[in-house]
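The values are calculated or read from the model by the stated rules, or taken from the named source; none is laboratory data. Because the structure is a prediction, the values reported are computed rather than measured. Note: ideal-geometry Cβ built from the backbone for every residue, glycine included; neighbour counts use all protein chains shown. The area values use the complete protein model at the heavy-atom level, side chains included, leaving out ligands, DNA and RNA. Shrake-Rupley method; radii C 1.70, N 1.55, O 1.52, S 1.80 Å.
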Amino acid sequence: MGYLFILLATFIGMLFLMQLVFFEITRSKMAKAENVNWYLSLDKSFSYNRVGYMLFICFICYLISSPEDMFTASWFIYFILFLAMGVVADAIVQYLILVYSKKRCRREIEDAKLLKNELLQIAQTISGEAEEPEQSTPQYDDEAILKQYLLPEDHLAFLSVDNGEFAKNFTPQPEATFLIEPYADEKVLEQKFADTSMKITTLTPAGQLPFKDEKIDVFMCRYSNYDKAEVQRVLKPNGYFIVQQNGTANLKEFVSLYMPFRMKGSWDAYSCAGTLEGIGMRIINKFEDYGTLRFHSIESLHQFFKRESPDLANINKYQVFYLKALKAIKDHHYFEMTTHKFLVIAQKVS
């Protein structure tokens with residue numbers, strides 16, 4: 001039976017060493033990533049839930065190393081004893097690692113708990129206006145670009161998801177100007193634009209653009225999905241399609257936490273231009289803008305998301321992200337996010 005204890009002691013030692021190395025590697029990564037939530041996860045009571053996993057591992061080890069004749073009475077006795085001792089040994093190792101982790105990261109855990117409490121207080125009291133984030137200088141002016149390709153007598157159409165804010169502020173507008181907002185309330189928009197000549201419309205039940213063939217001179221899509229074939233259909237010969245969208249790197253600090261596999265490849269001006277060339281359109285120009293937003297308070301960050309994407313303003317739902325932002329603000333006096341947008345001008349070939 002001595003070999004059994006030697007094997008088990010070797011197993012415990014190797015298991016503890018492996019767990020210790022894995023913990024230190026993880027701790028280094030979490031410290032570099034400033035992952036406050038990971039430190040909070042260490043502040044827990046011990047619970048063991050690896051019985052099934054360890055029974056399987058011990059079974060494999062016993063089959064490989066047991067000197068007893070297989071399926072004899074002594075083989076079964078030692079087998080059951082080995083399984084029991086293996087599970088107990090693993091539970092002890094897991095407990096020791098938890099104790100070690102709490103002592104090793106004691107200061108970080110306390111700081112994380114303070115940050116969480118502060119964030120919860122902010123979430124409960126947040127209200128009113130906050131300062132706007134510091135934005136890097138834009139690399140192009142979408143309004144000025146649109147004016148270059150627009151004549152007073154043209155038929156202009158906007159497809160957007162900003163409740164018509166860009167269209168409302170764009171002046172002067174041709175008499176025949178249309179606004180399509182796929183996700184907005186059409187009646188609310190009609191009231192909003194009641195004092196303008198803007199014609200409010202929406203996609204058809206089949207998801208098509210609400211225009212006859214070759215009706216539009218200039219079609220501008222801002223941050224919305226679009227059907228290339230439909231754009232091609234409604235544009236007049238030599239008409240212009242101006243598309244502005246967010247690129248792959250936009251708000252990557254948030255996306256990497258919650259949607260790491262959202263998009264494969266890269267979505268940028270060159271990729272977009274390629275898809276339009278694929279349907280026979282001629283690319284006139286393209287612009288790329290990589291920039292930054294700097295927030296000096298959680299209130300400012302919350303206000304930004306509430307305006308741009310209301311769901312992301314839910315501090316409790318996205319606590320991991322907001323904790324990371326709060327830590328950066330306290331450590332560096334600001335939290336920075338990457339912005340990535342692009343604009344492509346394409347022309348329908350007559």
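Below are the figures for this structure:
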quantity	calculated
Some residue of the stretch 83-97 being more than 30 Å from Ser66 (Cβ to Cβ) and surrounded by 14 or more Cβ atoms within 10 Å (Cβ to Cβ)	no
Check on Val344, among the aliphatic types (A, V, I, L, M) and open to solvent by 70 Å² or more (accessible area, probe 1.4 Å)	no
So Ser47, is it modelled with pLDDT of 85 or more and among the small types (Gly, Ala, Ser)	yes
Those helices (runs of 4 or more DSSP H) lying entirely in the stretch 160-253 with at least 2 residues among the acidic types (Asp, Glu) and open to solvent by 40 Å² or more (accessible area, probe 1.4 Å)	186-192
Per-region count, the stretch 16-55, residues more than 23 Å from Ile329 (Cβ to Cβ), aromatic (Phe, Trp, Tyr) and open to solvent by less than 50 Å² (accessible area, probe 1.4 Å)	1
Of all residues in the stretch 133-154 being buried (at least 19 other Cβ atoms within 10 Å of the Cβ) and not aliphatic (A, V, I, L, M), the one that is nearest to Thr177 (Cα to Cα)	Tyr149
Output for the stretch 294-341, where each listed residue is open to solvent by less than 20 Å² (accessible area, probe 1.4 Å) and under 29 Å from Tyr149 (Cβ atoms)	His340
Asp69, sole failed condition from (1) part of a loop (DSSP other than H, G, I, E, B); (2) surrounded by 16 or more Cβ atoms within 10 Å (Cβ to Cβ)	(2)
Single unsatisfied condition, Ala130 versus (1) open to solvent by less than 30 Å² (accessible area, probe 1.4 Å); (2) touching a Lys or Arg at 6+ places or on another chain (Cβ under 9 Å)	(2)
Filter pass, Gly291 being surrounded by fewer than 19 Cβ atoms within 10 Å (Cβ to Cβ) and on the phi > 0 side of the Ramachandran plot	no
Inter-residue pairs, beta-carbon under 6 Å, first charged (D, E, K, R) and in the stretch 38-67, second surrounded by 13 or more Cβ atoms within 10 Å (Cβ to Cβ), 6+ apart	Asp43/Ile109
Matching option when the condition is among the aliphatic types (A, V, I, L, M) and in contact (Cβ under 8 Å) with a residue 12 or more places away in the chain, among Ala73, Ala123, Ala84	Ala123
